[in-house]
Amino acid sequence: MNIFRLAGDMTHLFSVLVLLLKIHTIKSCAGISLKTQELYAIVFATRYLDIFTNHISPYNTIMKLIFLGSSFSIVWYMRYHKIVRRSYDKDQDTFRHYILILPCLILALLINEKFTFKEVMWTFSLYLEAVAILPQLVLLQRTRNIDNLTGQYVFLLGAYRALYIVNWIYRYFTEDHFVHWITWVCGLVQTLLCADFFYYYFQSWKNNMKLQLPA
Amino acid sequence: PTGGNLHDEL
């Protein structure tokens, strides 16, 4: 494993921890899109179907368990926890996320590496992950005033995917391993979706001002 | 050496 992959995994892990911290300690999920969180739960559930059959390393298995456990518990908190759910911006979080699922599924059935159940599900999870941030970005745009933890969450999530791209480039040159073009396209789309947010995030950081997105 | 996805990433 190279440093970029590790850094990518760590930013991904931190993004989840930041979110859990916000939910756990402040008992608030204000500014967080439940739609996006539900999509991530689906992403991990469909991607890690091989968790018990395809053993890579203890590291991989543990991380998979963390991502599965955290994504489902975040959804649970936002839906059912009697204090946390009150802070959920339900009226603002109106992106119809199910309309993302069907096109991703059809695309995975048409464009995949191998037409097997596990492989199609894996590809579906890649397509879905690429667009899963959309409801969150729409919610940020609507609420405009973004608290620190929410801003950091989205930033870390974007950084994770950007670092994975560097990791693929690195692996391409150092190992014979090359990532399938499907993965490349999804990773690029996902990172580009966050690029606009990155711009405003760095602006606010540079000027030491509260993060605000333009109307 | 692989032409495809090793699925060794998260």
Only one residue in A:Val185, A:Val189, A:Val179 is touching a Phe, Trp or Tyr at 6+ places or on another chain (Cβ under 6 Å) and surrounded by 14 or more Cβ atoms within 10 Å (Cβ to Cβ), so which one is that?
-> A:Val179
Please enumerate the residues belonging to region A:80-120 that are away from chain B (no Cβ under 14 Å), surrounded by 14 or more Cβ atoms within 10 Å (Cβ to Cβ) and without any contact (Cβ under 8 Å) to a residue 60 or more places away in the chain.
-> A:His81, A:Arg85, A:Tyr88, A:Asp89, A:Gln92, A:Thr94, A:Cys104, A:Leu105, A:Leu107
Taking the options A:Ile133, A:Ile169, name whichever one is within 14 Å of another protein chain (Cβ to nearest Cβ) and not acidic (Asp, Glu).
-> A:Ile169
Given (1) at pLDDT below 95; (2) out of contact with any Gly (no Cβ under 8 Å at 6 or more places or on another chain); (3) surrounded by 14 or more Cβ atoms within 10 Å (Cβ to Cβ); (4) closer than 22 Å to A:Val189 by Cβ, where does A:Leu149 come up short, assuming only one miss?
-> (4)
Give region A:83-110 a look and list any residue that's at pLDDT 95 or above and farther than 30 Å from A:His24 by Cα, or say none.
-> A:Leu102, A:Pro103, A:Cys104, A:Leu105, A:Ile106, A:Leu107, A:Ala108, A:Leu109, A:Leu110
Residue count for region A:15-69, restricted to those that are over 17 Å from A:Leu157 (Cα atoms), surrounded by fewer than 20 Cβ atoms within 10 Å (Cβ to Cβ) and charged (D, E, K, R) = 2
When region A:151-186 is checked residue by residue, the ones that are within 28 Å of A:Ser33 (Cβ to Cβ) and of a type in the set (S, T, N, Q) are A:Gln152, A:Asn167, A:Thr183
Are there any pairs with C-beta distances below 6 angstrom linking a residue in region A:202-213 that is within 15 Å of A:Asp147 (Cα to Cα) to a residue that is not aliphatic (A, V, I, L, M), with the two at least 6 apart or on different chains, and if so which?
-> A:Leu211/A:Gly151; A:Leu211/A:Ser204; A:Gln212/A:Arg144; A:Leu213/A:Gln141; A:Leu213/A:Arg144; A:Leu213/A:Tyr200
Taking the stated definitions as given, is A:Ala195 of a type in the set (Gly, Ala, Ser) and closer than 27 Å to A:Ser28 by Cα?
-> yes
Considering (1) in contact (Cβ under 8 Å) with a residue 60 or more places away in the chain; (2) out of contact with any Lys or Arg (no Cβ under 6 Å at 6 or more places or on another chain), say which one A:Leu149 fails and leave the rest.
-> (2)
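This table checks each residue for (1) polar (S, T, N, Q); (2) closer than 16 Å to B:Leu10 by Cβ; (3) more than 19 Å from the chain's Cα centre (by Cα).
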{"position": "A:Leu128", "(1), (2), (3)": "no, yes, no"}
{"position": "A:Gly151", "(1), (2), (3)": "no, no, no"}
{"position": "A:Phe155", "(1), (2), (3)": "no, no, no"}
{"position": "A:Val166", "(1), (2), (3)": "no, yes, no"}
{"position": "A:Tyr172", "(1), (2), (3)": "no, no, yes"}
{"position": "A:Trp181", "(1), (2), (3)": "no, no, yes"}
{"position": "A:Gln190", "(1), (2), (3)": "yes, yes, no"}
{"position": "A:Lys206", "(1), (2), (3)": "no, no, yes"}
Within the bounds of region A:68-82, is there any residue that is over 16 Å from the mean Cα position of the chain (by Cα) and either of a type in the set (Val, Ile, Thr) or over 26 Å from A:Leu134 (Cβ atoms) (or both)?
-> yes
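The values are calculated or read from the model by the stated rules, or taken from the named source; none is laboratory data. This structure is a prediction, so every number in the text was calculated from the model and none was measured. Cβ: placed from backbone, ideal geometry, glycine included. Neighbour counts: every protein chain shown.
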